[in-house]
Amino acid sequence: MANQRKLIFKIIIILIFILLIYFSVKYFLPMCKQFNTESGRAKISEFVEKAGIFAPLLFILLMALQIVIAFLPGGPLEITAGMLFGGLFGTIFAVMGTVLGTLAVYGLVKKFGRPLVHFFISEEKIKKFSVLEDEERLSFWVFVLFLIPGIPKDLLTYIVPLTKMSGKQFLLLSALARFPALAVSVVIGSNFIQGKYWLCVVIACIATVIAIFGFRMKNKILNKKESN
């Protein structure tokens, strides 16, 4: 029975992945090309305005789906949020989608447990995050790991529900920790659509430096904990 559920889940994930590829090729890539021209950007802005509340709702759902299907990258969606909705509303919608996706993953892991997590992450990789076994400082480690660049946040979203952390606490800590990187991506998209390319480059360079520092910090934290 467990194997049947796992097979069904895999089939559903594959079908969703195929649909995402289809919609990306048919709609997303042509839309990206239109961002390069002033007339194209005007058409996209007009489409978003006509779509009304359905445009942000669709984006929020896509953002949530990207977290549930952990191997899909979130950066392009976050940048697109800035292009479509601007810095402020793009960030708000991205945060809403992130929280919704995190809530969905937490519920799924609590229901199906480790077999579901192993669909995305091997037990060996889970063990690398042994810092999460420190129950006294669990909140601290969850916040730090979600804050540090270079750590696969969506995979981590599947690991944390295996601990004793409550759903409310997890949602709050992960949302706060993910906010800076998420906001930076949205702001880059917002400035790009306004033609502020140099500002985008500057922000991207600063973010890269921080990411390199964060990556080295991540290795020190995980390697130190493993050695202990």
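Given R0 = 30 Å, the distance between the Cβ atoms of Ala204 and Leu176 translates into a calculated FRET efficiency of 0.85. What the Cα atoms of segment 80-136 give is an Rg and a Dmax of 16.0, 42 Å. The share of C-alpha pairs in segment 73-176 whose separation exceeds 25 Å stands at 21 percent. Taken one residue at a time, the phi angles of segment 164-175 give Karplus couplings (6.51, -1.76, 1.60, θ = phi - 60°) of 8, 5, 6, x, 4, 5, 5, 4, 5, 5, 5, 5 Hz. Gly and Pro are set to x.
Read-outs: derived from the displayed coordinates by stated rules, not from any lab. Keep in mind the model is a prediction, meaning the values are calculated, not measured. When we count neighbours, we look across all protein chains shown, and the Cβ atoms used for this are built from the backbone with ideal geometry, even at glycine.
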